[in-house]
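The values are calculated or read from the model by the stated rules, or taken from the named source; none is laboratory data. Keep in mind the model is a prediction, meaning the values are calculated, not measured. Cβ coordinates were reconstructed from backbone atoms using ideal geometry, including for glycine residues, and neighbour counts include every protein chain displayed. Surface accessibility is based on the protein's heavy atoms, side chains included, excluding ligands, DNA and RNA. Shrake-Rupley method; radii C 1.70, N 1.55, O 1.52, S 1.80 Å.
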Amino acid sequence: MKTGRVVKVSGPLVLAEGMDEANLFDVVRVGNERLIGEIIEMRGDKASIQVYEETSGLGPGAPVVTTGAPLSVELGPGLIEAMFDGIQRPLNAIEEQAGAFLARGVEVLALDRKKIWHFTPVKAAGDEVEAGDIVGVVQETSIIEHKIMVPYGIKGKIVFLNEGDYTVVDKVGEIQTEKDIVDLTLMQKWPVRKGRPYARKLNPSAPMITGQRVIDTFFPVTKGGTACVPGPFGSGKTVVQHQLAKWADAQMVVYIGCGERGNEMTDVLNEFPELRDPKTGEPLMKRTVLIANTSNMPVAAREASIYTGITIGEYFRDMGYSIALMADSTSRWAEALREMSGRLEEMPGDEGYPAYLGSRLAEFYERAGNVICLGKDGREGALTAIGAVSPPGGDISEPVTQSTLRIVKVFWGLDSQLAYRRHFPAINWLSSYSLYADRVGEWLNENVAEDWTSLRIKAMALLQEESSLEEIVRLVGIDALSESDRLKLETARSIREDYLQQNAFHDADTYASLDKQYKMLKLVLQFGDEAQRALKAGVYLKDILNLEIRDKIARSKYITEENLGKVDVISKELTAVMDELISKGGILDA
């Protein structure tokens, strides 16, 4: 392979000449330490290289060798339970080779070449196959069955396919194509910047149930949808994403820690192996892939981590699984774009970000979706992308947040004021929105309760009315409000504190099924309706607000899923208590 040489070094940007045999986006090895980099611009025989490792000590004249291949990920058994850096180097393998701290120029293979996997074919010799067809399976973990698919671009007849124990590079079979015979292995490669193909995209309608009441009830996201979670420091972005990773009804989770603090990824690593998957009882790590590209790793590698993660997500989607992908946070990724753009001396856009920021974000989010996968069986897979955004000072008017909002369909706006009041998840119900709400509402009306949408609209109207009434209270005091309006304030407060507020560390409250959410919301709104009935019957407001049943309503969130019948008991008791109150203090026939 012809070798070029370094002309200039500017932080993570290296300019090399004599690279006329290289192509755009080729992976190169820079210097005697063979630092890994990627060509991001070509001008004649000069290549601008984004180096994914520390470049201190690198100078002009150092050799640059191109691998002749784009930045790609290895896809096969061994991905689940693993923890990779932004360019898919397994961190445990790096530790074995170089110690606890990342050393430069370490070359490790993404998938273990020594580990043995048992392959069970589902096709036989003589079968006609095409790209995407499943030819066999490997039981990768106790939860996930890894499906071995015919690589893209291959179509023909199986020559042989043998059951047995293999490494990821061993030949398990052969396919006779029109031109030649192709070897089948358990592993395939895919360039990270190119979306994996599918037969067709579907319009997503089924919700991705998260167990978080404020999300599922008011701002749902569909399987195959896109969402963003912007918010200032300390407002709970990472906790929201951890909760989604733990509880969302996706079969697999890909978690990308893109430039976040190392201690946050440590939390994930400590929690996930201990946390039990509610569906299987196994550790959550058995269906999780972690990409850990923390803030003390080179900035440039953040750019690759997003693409590495979503390519792995697409691969499992192609098996017919539902995938939840968490990117925490895309602001750090955008900072890497800004740094490289500045060093390339490109014309800057808003706040120094490159002018193509919006199109790069769109390229990432449009790879999410609910699709019919390649292959003859027409299986369906979904990839849901949820990106956290960290705007400086919580200013959502900055370019990364605004560019993201133009692309995604769900906006969970985190509010520092709610976080300071210890209201978590701190998702502001007045500024957030979901463009899937109507479609998901139809699904919930059919599958949970026929009045789900009407309850949701009623609760949201009360919260919006509360905001208007609070303006009046701030101006002229609460005594200016009628008893009916003061009751609306109390009902809205109950929605906020008893329903929307959720304790991520309480066993019964950390997750709420759709049935529990429906019963709880109906109970809170029932209190408002019954109290209005009592008011009209002449009962004093203070007598209504002092009822002991209100404490039971507030504590209904701590009722476990197995005992949901207790909510119905409270509902009946509420009606009886109000009837009694009316008979004592009001006009029963009114």
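Restricting attention to region 446-460 and to residues that are acidic (Asp, Glu) and open to solvent by 70 Å² or more (accessible area, probe 1.4 Å), the residue that is farthest from Gly528 (Cα to Cα) turns out to be Glu446. Residue-level analysis places Gly320 among those that are in a loop (DSSP other than H, G, I, E, B) and closer than 24 Å to Glu81 by Cβ.
When Ser295, Ser305 are checked against the criterion of being open to solvent by less than 10 Å² (accessible area, probe 1.4 Å), modelled with pLDDT under 95 and among the hydroxyl-bearing types (Ser, Thr, Tyr), Ser305 stands alone in meeting it.
If the condition is being out of contact with any helix residue (DSSP H, G or I) (no Cβ under 7 Å at 6 or more places or on another chain), closer than 15 Å to Met252 by Cβ and of a type outside the set (D, E, K, R), then region 140-173 contributes only His146. Based on this model, can you work out whether Ser431 counts as among the polar types (S, T, N, Q), closer than 30 Å to Leu525 by Cβ, open to solvent by 20 Å² or more (accessible area, probe 1.4 Å) and assigned to a helix (DSSP H, G or I)? No; evaluated as a whole, the condition is false for this residue.
State the number of residues belonging to region 21-34 that are in a strand (DSSP E or B) and surrounded by fewer than 24 Cβ atoms within 10 Å (Cβ to Cβ). Show your work before the answer.
Of region 21-34, the ones in a strand (DSSP E or B) are 26-30.
Imposing the further condition that a residue be surrounded by fewer than 24 Cβ atoms within 10 Å (Cβ to Cβ) reduces the set to 26-27, 29.
Qualifying residue count for the region: 3.
Looking at region 278-291, which of its residues are over 16 Å from Glu145 (Cα atoms) and in contact with a strand residue (DSSP E or B) (Cβ under 9 Å, 6 or more places away or on another chain)? Show your work before the answer.
The first filter runs over region 278-291 and keeps only residues over 16 Å from Glu145 (Cα atoms), leaving 278, 281, 290-291.
Leu290, Ile291, listed by residue number.
Suppose we filter region 401-413 for residues that are more than 16 Å from the chain's Cα centre (by Cα) and not polar (S, T, N, Q); how many remain? So the count comes out to 1.
The number of residues in region 91-115 being free of Cβ contacts under 8 Å to residues at least 24 places away in the same chain, within 16 Å of Glu81 (Cβ to Cβ) and surrounded by 16 or more Cβ atoms within 10 Å (Cβ to Cβ) comes to 1. The sole residue among Leu489, Leu463, Leu475 that is open to solvent by 40 Å² or more (accessible area, probe 1.4 Å), among the aliphatic types (A, V, I, L, M) and either touching a residue at least 40 places away in the same chain (Cβ under 8 Å) or part of a helix (DSSP H, G or I) (or both) is Leu475. Condition check for Ala512 on (1) surrounded by 19 or more Cβ atoms within 10 Å (Cβ to Cβ); (2) not in a loop (DSSP other than H, G, I, E, B): one failure, at (2).
Inside region 197-208, residues that are surrounded by 22 or more Cβ atoms within 10 Å (Cβ to Cβ) and either at pLDDT 95 or above or under 30 Å from Arg422 (Cα atoms) (or both) make up a count of 2.
With respect to the conditions (1) in a loop (DSSP other than H, G, I, E, B); (2) in contact with a helix residue (DSSP H, G or I) (Cβ under 7 Å, 6 or more places away or on another chain); (3) aromatic (Phe, Trp, Tyr), Phe505 lacks only one, and its number is (2). Just the residues that are part of a loop (DSSP other than H, G, I, E, B) and touching a residue at least 12 places away in the same chain (Cβ under 8 Å), please, taken from region 532-547. Ala537, Gly538, Val539, Tyr540, Leu547, listed by residue number. If only residues of region 346-365 that are in contact (Cβ under 8 Å) with a residue 24 or more places away in the chain and not in a helix (DSSP H, G or I) are counted, the one that is farthest from the chain's Cα centre (by Cα) is Gly349. Within region 216-248, being assigned to a helix (DSSP H, G or I), within 18 Å of Ile396 (Cα to Cα) and not β-branched (Val, Ile, Thr) holds for one residue alone: Lys237.
Of everything listed in (1) free of Cβ contacts under 8 Å to residues at least 60 places away in the same chain; (2) open to solvent by 30 Å² or more (accessible area, probe 1.4 Å); (3) in contact with a strand residue (DSSP E or B) (Cβ under 6 Å, 6 or more places away or on another chain), the single unmet condition for Glu178 is (3).
Selection over region 47-63 of residues that are assigned to a strand (DSSP E or B) and over 22 Å from Glu339 (Cα atoms) gives a count of 1. Looking across Phe233, Phe160, one residue alone is touching a Gly at 6+ places or on another chain (Cβ under 8 Å), surrounded by fewer than 18 Cβ atoms within 10 Å (Cβ to Cβ), closer than 26 Å to Val400 by Cα and in contact (Cβ under 8 Å) with a residue 24 or more places away in the chain. It is Phe233.
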